[in-house]
Amino acid sequence: MPKNRSPIWHPFTQHALQDEMTRVVRGNGAYLHTADGRRIIDAISSRWVVTHGHCHPRIVRAIQEQAGKLNQIIFAGHTHDPAEEVAAQLLKFAPPGLEHVFFSDSGSASVEVALKMALGYWHNIGEQRVSIVVMQHSYHGDTIGGMSVGARGVFNEAYGPLLFDVTSVPFPVRGHEQDTLDALELACRNEIPAAFIVEPLILGAGGMLMYPAWVLKEMKRICEASSVLFIADEVMTGWGRTGTLFACEQANITPDIVCYSKGITGGALPLAVTLCRADIFDAHYSRDRTRTFFHSSSYTANPVACAAARANLELWQDPNTRQRVAAIAAMQEKAIEPFRADARFESVRQTGTIAALDLKTSDAGYLADIGPKLQAFFNKRNLLLRPLGNTIYVMPPYCATEADLDEIYAGIWNAADALAERGALRVEK
Ligand code: PMP
């Protein structure tokens, strides 16, 4: 064990391999400033959360004001303006038909809440439905419930057996979408599951795998036909990432339960919500306490986080925000164009503000060295990019400029050059 190191245990980091951490002292717009005087472009919005850029003045001001007024209150039996206003505004923005908002503090927690809402619903109306249908390659968080409905592999091998009776349907690979729909239909019919949980339009941590809106719409239709609750995990796809405020808009569907987090505070503070239809809320109504939704955490609807979310929602009322999203989507389209014809990449794809490029590396997958190697390469070039194995993805804050994107994609081009030089790519001669 190396000496003189920080006592901090970092997430998703193998400490035998990574000793040095990049020490960041300041964030501003699309940039991070390090203790050693570097300016880094945050090409992944600090794990997909910093939508409007670091330290957006409007959000900072909202946090400062709220922090001096009321910074924490037990949310059972109490309420406050920031939470009430966020809930009311969210219901205006969310797909029609969602009527209730439950607050929590991380994407994983919002998924736990969604699963508990679904199971609680069936329990309370007296139907025995306890299994969950999931999609292959999904990611829904690192809590045990979230892991249980996510892809199984090296990430959760140590923690088994996991929860729920889970059936997985294949990812809708282009040209084979019907296989997914058939498998979902079969699972819904034969297993009478409680719910189907899915990341709409893009499976994020599973490799930025994209599928079209019509498949999402069909999946919703199939669930509806069997009364299987449809849970949309929009933790990553929400807040403009797919080009619309929420991904479900593109399929014109209203999920029964939906999870939002990450960009809900513009990435300034941890907060999440789970929205549901009235009948799910109503199933938890009883004159005695037996049907109570037994879920809470100390910081539920923290007022300062809610004030940040309120400022974020105000930003989304400004047409300029949607224009920035459209501008980023257009810039991404232009930036990836030269890579589409490049033999060093096997798949170059985009949905809204998210672009992903798969390098033709000889090794792939999470345990392959390629991911951390690329990350180190980009770090040396002052770019924050954290490839998922051989998948490099770019998800910038909406304030990023064309020059920032030029720098990011020049870095990716250089990385491909360096790998090709070392013979680490499978490129046909
Ligand atoms: N669901 C999805 C789709 C996610 O992308 C993530 C985070 N990457 C989560 C859930 C978990 O969110 P958090 O990290 O805030 O717990």
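Read the figures in this text as sums done on the coordinates, not as results from a lab. None of the values given here were measured: they were computed from a predicted structure. Every residue, glycine among them, receives a Cβ derived from its backbone with ideal geometry; neighbour counts consider all protein chains shown.
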>> Using DSSP to call loops (not H, G, I, E or B), can you name the chymotrypsin sites (Phe, Trp or Tyr not before Pro) in segment 238-303 whose Cβ has at most 10 other Cβ atoms within 10 angstrom?
In response: Tyr285, Phe294
> Okay, which of segment 114-149 sit inside 13 Å, backbone N to the point 7 Å along the Cα-Cβ direction of Phe294?
Replying inline: 120, 124
>> As an exercise, take the mean of 1/r over every pair of distinct alpha carbons in segment 319-421, invert it, and state the Kirkwood radius in angstroms.
In response: 13.9 Å
> Do the alpha carbons of any pairs in Lys360/Lys380; Lys334/Lys360; Lys116/Lys373; Lys262/Lys334; Lys92/Lys217; Lys69/Lys116 sit beyond 28 Å of each other, and which pairs?
Replying inline: Lys116/Lys373; Lys69/Lys116
> Membrane-span-like helices in the chain: DSSP H runs reaching 27 Å or more (Cα, own axis), mean Kyte hydropathy at least -0.5?
Replying inline: 402-421
>> Order these by the 10 Å Cβ neighbour count, fewest first: His56, His284, His33.
In response: His33, His284, His56
> Principal axis lengths of the chain from Cα atoms, whole Å, largest first?
Replying inline: 69, 54, 50
> When Ser106, Ser6, Ser261, Ser296 are ordered from fewest to most other Cβ atoms inside 10 Å of their Cβ, what list results?
Replying inline: Ser6, Ser296, Ser106, Ser261
> Whats the longest run of the chain with zero GluC sites (Glu not before Pro) that are DSSP loop and have at most 14 other Cβ atoms within 10 Å?
Replying inline: 128-427
> Cα centroid distance between segment 245-275 and segment 322-368, in Å?
Replying inline: 24 Å
> If R0 is 30 Å, what FRET efficiency do you get for Glu224 and Arg287 from their C-beta distance, rounded to 0.05?
Replying inline: 0.45
> Can you put Lys262, Lys373, Lys69, Lys92 in order, fewest other beta carbons within 10 Å first?
Replying inline: Lys92, Lys69, Lys373, Lys262
> Tell me, what is the FRET efficiency for Arg381 and Lys334 to the nearest 0.05, using R0 = 25 angstrom and their Cβ-Cβ distance as r?
Replying inline: 0.75
>> If I stretch the segment between Thr401 and Arg5 completely, what's the gain in nm (0.36 nm per residue apart, minus their alpha carbon distance), one decimal?
In response: 138.9 nm
> Once you put a point 7 Å from the Cα of Asp81 and another 7 Å from the Cα of Asp342, both along the Cβ direction, what distance in nm separates them?
Replying inline: 5.1 nm
> Got the relative contact order for segment 59-317 handy, in percent, Cα pairs under 8 Å and 6 or more residues apart?
Replying inline: 30 percent
> Which of the chymotrypsin sites (Phe, Trp or Tyr not before Pro) found in segment 1-107 are loop residues per DSSP with 14 or fewer other Cβ atoms within 10 Å of their Cβ?
Replying inline: Trp9, Phe12
